[in-house]
Ligand SMILES: [Zn+2]
């Protein structure tokens, strides 16, 4: 189960019935009036009430037994290397463990932990293209890992970005982790990347590990990357006032990470909410990192923002799904027709003080994961990592 070569989506019809709470992933309408979902060939076909949806001729039926159904969670910020191995903490099967935390898609912010990572321009391009290809062909635990995120270095020219884009690279690794640390220089390269359809993320805050550097608010504003990466630091944050200023003065995505400053994550979320711009807030773990890997990191961010920050449980789900998908240009993240059949079944954790999945988050607990589905294929039943869900779904027919 841990290692999985991509085998394509489920063939045929999947029916999920008796969903107790349908969580859309869309901040505009986080809860749908629906108890049934139908997917065909790994894509959602219909979401609605059982009487209104064609559930005939199902190849597989899952009875949710009243659990909540949400889009698979998305981790906006990871540092994979190759396969399901991380040299950062010498750990195996970390991506599969994240899948047990409800994560079905991850976005690389740079394969920076590769031992001997090349820093010359041809080498960094070759690594990015190789990583993109490798994770496209190989999905640990079924998780979709968007990798191949080059760390830009001094001396790159527009043709380098054109070449990367033509080769299938769609992301930049964190700007600032390489030799490009000045605002004007970063701004030029970010603009070249954007012109050729490559999305950029900037490292924000103090150095992560010995050897990396500070990126302050003025550099973040000048570089104007698409995503203000770990705006709450990775781990060391800019002063809270500077982070709030970034939220106010920039229109770019506000990424909050687990391996960052929690106090500042709460402050940034609150500013975004006051500005009426919660749609800009996305969640990541920034793992593997010095503090390890966190299979439940996205759930923990949701519980932090909800339990301590006052966000509703339903809104917290949207930050980790629909928001990230929209900003990262991903097909998933929403329960609506045409989207990939990537799901997480949730229920309140056994003995949580919260009475249901959402209240569980609102009192600061992690909900339990009862099943994970990717492209219509069941990848895990009851999670080995979350607290046990009170109810779990069951396969009832083929
Ligand atoms: Zn960083």
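Which whole-number percentage describes the relative contact order of the chain, with Cα contacts under 8 Å and a sequence gap of 6 or more? Can you show the working numbers first?
Values: 1100 pairs, mean separation 83.0, N = 398.
Once normalised by length, the contact order is 21 percent.
Starting from the Cα coordinates of segment 283-371, work out the convex hull volume and express it per residue in Å³.
Values: hull volume 10.0 nm³, N = 89.
Per-residue hull volume (Cα only) is 112 Å³.
In what sequence, highest mean first, do 176-187, 67-78, 144-155 appear when ranked by Cβ atoms within 10 angstrom?
Working: 176-187: 19.3, 67-78: 30.1, 144-155: 22.6.
Output ranking for 176-187, 67-78, 144-155: 67-78, 144-155, 176-187.
Starting from the Cα-Cα distance between residue 166 and residue 113, subtract it from 0.36 nm times their residue separation and give me the gain in nm to one decimal. List each step's numbers first, then the result.
Numbers: separation 53, 0.36 × 53 = 19.08 nm, distance 2.50 nm.
Separation in residues times 0.36 nm, less the Cα-Cα distance, equals 16.6 nm.
Can you give the % of DSSP beta bridges in the chain that are antiparallel, to the nearest 5?
Details: 34 of 59 bridges.
Of the beta bridges lying entirely in the chain, close to 60 percent run antiparallel.
Beyond 18 Å, what percent of the Cα pairs of segment 203-344 remain? Can you show the working numbers first?
Values: 5335 of 10011 pairs.
Summing the P(r) tail past 18 Å for segment 203-344 gives 53 percent.
Each label point is 7 Å from the Cα along the Cα-to-Cβ direction; what then is the distance between the points at residue 82 and residue 353, in nm?
It works out to 4.9 nm between the two label points.
With a cut-off of 8 Å between alpha carbons and a minimum separation of six or more residues, what is the relative contact order of segment 301-388 in percent? Please list the in-between numbers first.
Details: 162 pairs, mean separation 23.0, N = 88.
This gives 26 percent for segment 301-388.
Expressed as an acute angle from 0 to 90° and rounded to the nearest 10, what is the orientation of the C-alpha long axis of helix 121-137 relative to the principal long axis of the chain?
Orientation of helix 121-137: about 10 degrees from the principal axis.
Between residue 312 and residue 240, what length in nm is gained on full extension when 0.36 nm per residue of separation is reduced by their alpha carbon distance? Could you put the intermediate results ahead of the total?
On the way: separation 72, 0.36 × 72 = 25.92 nm, distance 2.31 nm.
Once the chain is fully extended between residue 312 and residue 240, it gains 23.6 nm.
Sorted from largest down, what three extents in whole angstroms do the Cα atoms of segment 329-398 have along their principal axes?
36, 31, 19
Could you state the number of Å between the C-alpha centres of segment 25-81 and segment 218-267?
Using only Cα atoms to place each centre, the spacing works out to 32 Å.
Rank-order 243-252, 117-126 by packing density, defined as the average count of other C-beta atoms within 10 Å over each peptide's residues, highest first. Don't skip to the end; give the middle numbers.
Details: 243-252: 17.9, 117-126: 14.9.
Per-residue Cβ counts within 10 Å, averaged per peptide and sorted highest first, yield 243-252, 117-126.
Out of all DSSP beta bridges in segment 73-295, what portion is antiparallel? Express it as a percent rounded to 5. Intermediate values should be presented prior to the final figure.
On the way: 5 of 24 bridges.
For segment 73-295, the DSSP antiparallel bridge percentage is about 20.
Would you work out if segment 1-75 is rounded, prolate or oblate? Take a ≥ b ≥ c from the square roots of the eigenvalues of the alpha-carbon gyration tensor; rounded if a/c is under 1.5, else prolate when a/b is larger than b/c, oblate otherwise.
Values: a/c = 1.88, a/b = 1.21, b/c = 1.56.
Cα axes put segment 1-75 in the oblate bin.
Given segment 73-295, what whole percent of its Cα pairs are spread farther than 29 Å?
Values: 4862 of 24753 pairs.
Above the 29 Å cut-off, segment 73-295 has 20 percent of its Cα pairs.
Over the alpha-carbon set of the chain, divide Rg by the Kirkwood Rh and report the Rg/Rh ratio to two decimals. Walk me through the numbers on the way to the answer.
Details: Rg = 20.2 Å, Rh = 20.9 Å.
Taking Rh as the inverse mean 1/r over Cα pairs, Rg/Rh reads 0.97.
May I ask what percent, to the nearest 5, of DSSP beta bridges between residues of segment 1-150 are antiparallel?
Values: 15 of 28 bridges.
Bridges in segment 1-150 are about 55 percent antiparallel.
Over the residues of segment 49-116, compute the C-alpha Rg and express it relative to 2.2 N^0.38 Å. Walk me through the numbers before you get to the answer.
Working: Rg = 17.9 Å, N = 68, 2.2 N^0.38 = 10.9 Å.
In units of the globular-protein estimate, segment 49-116 measures up at 1.64.
How many percent of all Cα-Cα pairs in segment 1-155 sit more than 26 Å apart? Provide the component values of the computation, followed by the final result.
Numbers: 4886 of 11935 pairs.
For segment 1-155, the fraction of Cα-Cα distances above 26 Å is 41 percent.
Using R₀ = 35 Å, calculate the FRET efficiency as 1/(1 + (r/R₀)^6) where r is the Cβ-Cβ separation of residue 59 and residue 329; round to 0.05.
Values: r = 30 Å, r/R0 = 0.87.
It comes out at approximately 0.70.
Quick one: go through segment 100-142 and flag any residue whose amide nitrogen is under 12 Å from the point 7 Å out along the Cα-to-Cβ line of residue 159.
The answer is none, because no backbone nitrogen lies closer than 12 Å to the label point.
So between residue 92 and residue 29, what do we pick up on full extension, going 0.36 nm a residue minus the alpha carbon distance? If you can, show how the numbers build up before the last one.
Working: separation 63, 0.36 × 63 = 22.68 nm, distance 3.84 nm.
18.8 nm is the gain from fully extending residue 92 to residue 29.
If I take R0 = 22 Å and measure r between the Cβ atoms of residue 218 and residue 275 in this structure, what FRET efficiency does the formula 1/(1 + (r/R0)^6) give, to the nearest 0.05? Walk me through the numbers before you get to the answer.
On the way: r = 20 Å, r/R0 = 0.93.
Calculated transfer efficiency: 0.60.
Per-residue counts of other Cβ atoms within 10 Å, averaged by peptide: what ranking do you get for 23-30, 208-215, highest first? Let's see the in-between values first.
On the way: 23-30: 19.8, 208-215: 14.9.
Ranking the peptides 23-30, 208-215 by packing returns 23-30, 208-215.
From the alpha carbon gyration tensor of segment 189-232, can you work out the equivalent ellipsoid semi-axes (sqrt of 5 times each eigenvalue) and give them in Å, largest to smallest?
One finds semi-axes of 20, 11, 9 Å for segment 189-232.
Suppose only helical runs count, i.e. DSSP H with n ≥ 4. What mean residue ellipticity at 222 nm does that imply for the chain under -39500 (n - 2.57) per run, divided by all residues and rounded to the nearest 500 deg cm²/dmol? All intermediate terms of the calculation are to be shown ahead of the outcome.
On the way: 11 runs with 98 residues, N = 398.
-7000 deg cm²/dmol, from helical runs alone.
To test your reading of the geometry: what angle, between 0 and 90 degrees and rounded to tens, separates the Cα axis of helix 262-274 from the longest principal axis of the chain?
For 262-274 against the chain, the angle is about 80 degrees.
Using R₀ = 25 Å, calculate the FRET efficiency as 1/(1 + (r/R₀)^6) where r is the Cβ-Cβ separation of residue 337 and residue 136; round to 0.05.
Working: r = 25 Å, r/R0 = 1.02.
Between residue 337 and residue 136 the formula returns 0.50.
Since every read-out is calculated from the coordinates, none of them should be taken as a lab result. Bear in mind that the values here come from a model prediction, so they are computed numbers and not experimental data. Ideal geometry is used to build each Cβ from the backbone, glycine not excepted, and the neighbour counts take in all protein chains shown.
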